[in-house]
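Structure, as structure tokens:
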Number of protein chains: 2
Amino acid sequence: MASQEQQQPEKAPAAAPNLDEELNPDGTPLSDNQKKKRAAKLEKERKKAETAARVAAEKAQREASEQDFASQNYGELPLNQSQERTGRKFTDIGEISAALDGKDVLFTARIQQSRSPSAKLVFLTLRKRFDCVQCVLAQAPEKVSKQMVKWANGIDAETIVQVEGTVSKVDKPIESSTVTVKDAEVKISKIHVVSGLKLDEPIPFYVDDAVRSDAEIQASQSTDRPMAFIGIDTRLDNRVLDLRTATNQAIFRIQHGVCKLFREFLDDRGFVEIHTPKLQAAATESGASVFKVSYFKGDAFLAQSPQLPKQMAISADFGKVYEIGPVFRAEDSNTPRHMTEFTGLDLEMAFDEHYHEVLDVLSGLFTFIFQQLPKRYSKEIEVIRKQFPVEDFLVPDQMPRLEFPEAVKMLREAGQEIGDYDDLSTEQERVLGKAVRDKYKSDFFMLDRFPLAIRPFYTMPDPKDDKYSLSYDFFFRGQEILSGAQRVHDPKLLEARMAEANIPVSAMKPYVDAFRLGCPPHAGAGIGLERVVMFYLGLGNIRRASMFPRDPKRLEP
Amino acid sequence: MASQEQQQPEKAPAAAPNLDEELNPDGTPLSDNQKKKRAAKLEKERKKAETAARVAAEKAQREASEQDFASQNYGELPLNQSQERTGRKFTDIGEISAALDGKDVLFTARIQQSRSPSAKLVFLTLRKRFDCVQCVLAQAPEKVSKQMVKWANGIDAETIVQVEGTVSKVDKPIESSTVTVKDAEVKISKIHVVSGLKLDEPIPFYVDDAVRSDAEIQASQSTDRPMAFIGIDTRLDNRVLDLRTATNQAIFRIQHGVCKLFREFLDDRGFVEIHTPKLQAAATESGASVFKVSYFKGDAFLAQSPQLPKQMAISADFGKVYEIGPVFRAEDSNTPRHMTEFTGLDLEMAFDEHYHEVLDVLSGLFTFIFQQLPKRYSKEIEVIRKQFPVEDFLVPDQMPRLEFPEAVKMLREAGQEIGDYDDLSTEQERVLGKAVRDKYKSDFFMLDRFPLAIRPFYTMPDPKDDKYSLSYDFFFRGQEILSGAQRVHDPKLLEARMAEANIPVSAMKPYVDAFRLGCPPHAGAGIGLERVVMFYLGLGNIRRASMFPRDPKRLEP
């Protein structure tokens, strides 16, 4: 049966509102207000359709309980409490292909869509992580009853089912954009609910709808099948549902990949992974606000970074250390680039002669990460780009290194006003990124020797000109992803720098004391994991790169 | 020159108090009070000796500045501000061996000990991480002046020096217990200070003294060279210094190793690493107290574990997830087993049929970790066992699994009083560990099917007997290192369990809602990293397995 042809054109889930009945807009894109109205209307219709579907399902169930030769082949399984372990082989949807033609398979998956062109037939698309397979349940004597088809057609999207069936090769590749198994479908013989939806209200949105790109949604508004727009707040309020999209399944595998590559590169070079305390006695380090914690009869503060303990680990002779862990910022910034808690990738390294030994490691590290990601995660990147299209960029073998005065010159040539010792604005970072791209043919560069005044107190002054410092940022598509420096390892100079910054030494005694015990010259860097993922994938909002993001207004889920 | 012979018998650092003048104890071990008095006395004498050494060093420096043909070959380097990058090759001390006989080397290291048998000669032991090499500086015409030898003899222990010299094979292995390069020494031609000590007070203790085992110190008390006892508080107050011991360098490499092996095993099996928020809206999960955080105009709470978000990741279809990150416990427990912040190794996994699928992964994981550690970290383990001797133990290929009633029976046979549904006391855990060892010849086992009443509300009841549950602990040398269970994935049952535990559903709405959206059956576990390291290495106090430990009384360093 060439069922994949019947699958087209794609339709919304059975329980979804019938978009075909909607009026066409006049050809111009919908305004936000129109979108809201439309969404409200769709919502109402969907609720209605869902109620109808539920009634139908209950009816089907009733009918099914009357005399049904197939009653063993479908229905709800008892709550899994590990009643038995048969050892039967469960197949991953991703493994299903034409190569298994004729083979019986057993698997669990979620209902993504269902569609029933007749009372004797139901098509189900079943999803697991970012794989999706088309399944067919057709009435058949002694095997599949009419009641069974009706029941299957009434299952809610997002229900987890356990399916037995036979793999069947298809003649033409299945064209549905969500189905990933293109050359085969599964003919269902048994289908049971493992875990159903227990919602008091309609599902907030369909995973199928949550995976469209903005461009796709925009374009659809002038057609007779306008797609629903799902805003970031709706997504984050229902993050568990949102995370089920293929895009999000892939984003967090990339996030894992960045950490894995980070560690792989550093482990190979003798770095030691450390875990430093997030509870600190003093609120210090930099101007950024810190969160205060009630600590028994006193107070503690959440670490803004592992800056102090990682440097103490260097004075403790660990030589090269890194940490991946949460960092906390009590800044009331409500922007697409800020969160109150994120994951820091931090490293610190003693060097022999010159901090550029550390810069070499850092540029090697990021070149490695960005060269390996597309090699090892090509499937994930492809999945994400469907929703978030972004240009490929060339990662050069040798990352360009600019000194700050050179950057100022390039910015002025590009028409920007900037003082010799001013920090770059976000806009200037972007302009500089473009200028570097034009000049060096690279989307990636390091900016070295920042003005001392705009860097933290623990930054080593440049010995040739103490208006500058031995500090650097890395930029990626004109946006900062890394910040670092050679640190002051001499306690006298450190005290002098703290005095200039109005930080009392008493507040950071254990830190300063670490250098009184003799400390090798060292440099390091801090990188925001979510920022790397966001910029690399072009996600536009850092919250998309955080599984359960935290900002001044969001502490849940 | 057979300088290694002159090295014996070992002496304390030049600047240390002369222990030879001490009186012998009467042969019985010293009481704590006697130890304290003795330590105070040693301390006083050491301060005196240090002052004398400093005066001598200053004198040497003055003399050196007068007419000295070797003045270029020693002295203090300017503060390293990355003035130049010559690219000269720096050798790691660990690479020095007889194979380099006659070769010139350049390296940086810390002074561990110095000893001058005559005005023309000084022996230095130089340390980097857990490697230590013996060096000789001998007066020589036109190369090494008398002033240079004097100056070198006055350098403080823990000073970082840069050394140039020639590797020289020795005839007999160097017997010093701290020197790790046994078959060669370095004849120094140049020596400069990279970073000196800038202490206002004498150094709190010597790294050399901080590396002895309790048995060694105990035994020395009845000899004419009693060793100083350095208590854990003194160590933790001066943690940067304490961490420089070979033992601590090795402990934190083992800690890294546990994390690395944990990830390696799980990555190979398709797990996704996640990072979940430590800032939570509600104080919940279990009876354990949580820390309250001031969060803008409201409050937040520090996560006691990633339990809730990791389960939400399962409902979000990630299938298999793990996290390594800090967890916080606001319990006022001042014991050798408790900290207020530690590193959790957490994992959670959806299964097809039975939670024993997850138990299989967990037992495979820990068998892998404990089989690989001695293979990959034999050097580190050897170093640690010198200070913390502990028996090897056999890790069986198949970890024994006991059910709770069986454990109760074994405990009763061993004379313990325990009710059918009681939790095990620390003592009973130890007794059970011994009984299992005798019966199954294993130091490692899992205890399955704990009584439901003593497990958290999210634990799945046993379908055959709801006085029990589908939960388990792993024991290692009779001490619990892991706790886990199949979780309740049905929202109705979860609500019922929460009601029994008097936890309002409203406090954990996003968590319960995650299961209303359909969730696969799943199980998981949480493990304390420091606990694993502590028990594996027999460290006796969990603080020794934490770089900068936190407890109710300690927030610094």
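The values are calculated or read from the model by the stated rules, or taken from the named source; none is laboratory data. Given the structure is predicted, the values throughout are model-derived calculations rather than measurements. All Cβ positions, even for glycine, are placed from backbone atoms using ideal geometry, and neighbour counts span all protein chains on display.
Among all residues of segment B:137-159, there is at least one that is at pLDDT 95 or above, at positive phi and under 34 Å from the mean Cα position of the chain (by Cα). Exactly one residue among B:Phe130, B:Phe90, B:Phe69, B:Phe107 is closer than 20 Å to A:Cys519 by Cβ, hydrophobic (A, V, I, L, M, F, W, C) and modelled with pLDDT under 95, and that residue is B:Phe130. Does A:Arg401 satisfy being exposed (fewer than 15 other Cβ atoms within 10 Å of the Cβ) and closer than 30 Å to A:Pro461 by Cα? Judged against the criteria, A:Arg401 is not a match. Residues that are assigned by TED's automatic domain parsing to the domain that holds B:Val358 and assigned to a strand (DSSP E or B) are absent from segment B:411-429 altogether. Does at least one position in segment B:357-377 carry a residue that is at pLDDT 95 or above and either at the interface with chain A (Cβ under 9 Å from one of its Cβ atoms) or closer than 22 Å to A:Lys297 by Cα (or both)? Within segment B:357-377 (the criterion being at pLDDT 95 or above and either at the interface with chain A (Cβ under 9 Å from one of its Cβ atoms) or closer than 22 Å to A:Lys297 by Cα (or both)), the answer is yes, since at least one residue qualifies.
Of the residues making up segment A:383-410, those that are part of a loop (DSSP other than H, G, I, E, B), within 30 Å of A:Val179 (Cα to Cα) and of a type outside the set (A, V, I, L, M) are A:Phe388, A:Pro389, A:Glu391, A:Asp392, A:Phe393. Per the listing B:Glu273, B:Glu323, the residue uniquely farther than 30 Å from B:Gly540 by Cβ, more than 15 Å from the chain's Cα centre (by Cα) and acidic (Asp, Glu) is B:Glu273.
For (1) within 37 Å of the chain's Cα centre (by Cα); (2) not aliphatic (A, V, I, L, M), each residue gets a yes or a no:
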residue: B:Asp462; (1), (2): no, yes
residue: B:Val488; (1), (2): yes, no
residue: B:Ala499; (1), (2): no, no
residue: B:Ser506; (1), (2): no, yes
residue: B:Lys509; (1), (2): no, yes
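Filtering segment B:480-489 to residues that are touching a helix residue (DSSP H, G or I) at 6+ places or on another chain (Cβ under 9 Å) and either under 18 Å from B:Lys310 (Cβ atoms) or not acidic (Asp, Glu) (or both) leaves B:Ile481, B:Leu482, B:Gly484, B:Gln486, B:Arg487, B:Val488, B:His489.
Of the residues making up segment B:481-496, at least one is more than 30 Å from A:Glu201 (Cα to Cα) and in contact with a Lys or Arg (Cβ under 6 Å, 6 or more places away or on another chain).
Scanning segment A:337-356 for residues that are touching a Leu at 6+ places or on another chain (Cβ under 6 Å) and at the interface with another protein chain (Cβ under 8 Å from one of its Cβ atoms) yields a total of 3. Filtered by the rule that a residue be among the aliphatic types (A, V, I, L, M) and within 12 Å of chain A (Cβ to nearest Cβ), segment B:148-166 gives B:Ile155, B:Ala157, B:Ile160, B:Val161.
Looking across segment B:69-123, just one residue is outside any strand (DSSP E or B), within 31 Å of the chain's Cα centre (by Cα), away from chain A (no Cβ under 12 Å) and crowded, with 16+ Cβ neighbours inside 10 Å, and that is B:Ile96. Working only within segment A:124-159, note down all residues that are acidic (Asp, Glu) and not in a strand (DSSP E or B). Once the filter is applied, which keeps residues that are acidic (Asp, Glu) and not in a strand (DSSP E or B), segment A:124-159 yields A:Glu142, A:Asp156, A:Glu158. Can you confirm whether segment B:432-451 contains a residue that is under 26 Å from B:Ala501 (Cα atoms), of a type outside the set (A, V, I, L, M, F, W, C), touching a residue at least 24 places away in the same chain (Cβ under 8 Å) and not in a loop (DSSP other than H, G, I, E, B)? Yes; the residues of segment B:432-451 include at least one that is under 26 Å from B:Ala501 (Cα atoms), of a type outside the set (A, V, I, L, M, F, W, C), touching a residue at least 24 places away in the same chain (Cβ under 8 Å) and not in a loop (DSSP other than H, G, I, E, B). Highlighted here are the strands (runs of 3 or more DSSP E) found entirely within segment B:269-336 that include at least 3 residues which are at the interface with another protein chain (Cβ under 10 Å from one of its Cβ atoms), touching a residue at least 40 places away in the same chain (Cβ under 8 Å) and surrounded by 21 or more Cβ atoms within 10 Å (Cβ to Cβ): B:320-328.
On inspection, B:Val161 does not qualify as surrounded by 23 or more Cβ atoms within 10 Å (Cβ to Cβ) and without any contact (Cβ under 8 Å) to a residue 40 or more places away in the chain. Looking at the structure I just gave you, is B:Pro226 buried (at least 16 other Cβ atoms within 10 Å of the Cβ) and closer than 27 Å to B:Cys135 by Cβ? So B:Pro226 does not fit the description; no.
Here is a check on your reading of the model: is A:Ala39 more than 30 Å from B:Arg449 (Cβ to Cβ), assigned to a helix (DSSP H, G or I) and either at pLDDT below 90 or charged (D, E, K, R) (or both)? Yes. Of all the criteria given as (1) more than 17 Å from B:Ala330 (Cα to Cα); (2) in contact with a Pro (Cβ under 6 Å, 6 or more places away or on another chain), the one not satisfied by B:Lys278 is (1).
Taking the criterion of being among the hydrophobic types (A, V, I, L, M, F, W, C) and more than 7 Å from chain A (Cβ to nearest Cβ), the residues of segment B:237-268 that qualify are B:Ala246, B:Ala250, B:Ile251, B:Ile254, B:Val258, B:Leu261, B:Phe262, B:Phe265, B:Leu266. Residues in segment A:124-146 that are more than 14 Å from every other protein chain (Cβ to nearest Cβ) and buried (at least 23 other Cβ atoms within 10 Å of the Cβ): A:Leu124, A:Thr125, A:Val133, A:Gln134, A:Cys135, A:Leu137, A:Val144.
Could you grab me the full set of residues in segment B:397-408 that are within 16 Å of B:Phe366 (Cβ to Cβ) and either within 25 Å of the chain's Cα centre (by Cα) or aliphatic (A, V, I, L, M) (or both)? Hits for segment B:397-408 are B:Met399, B:Leu402.
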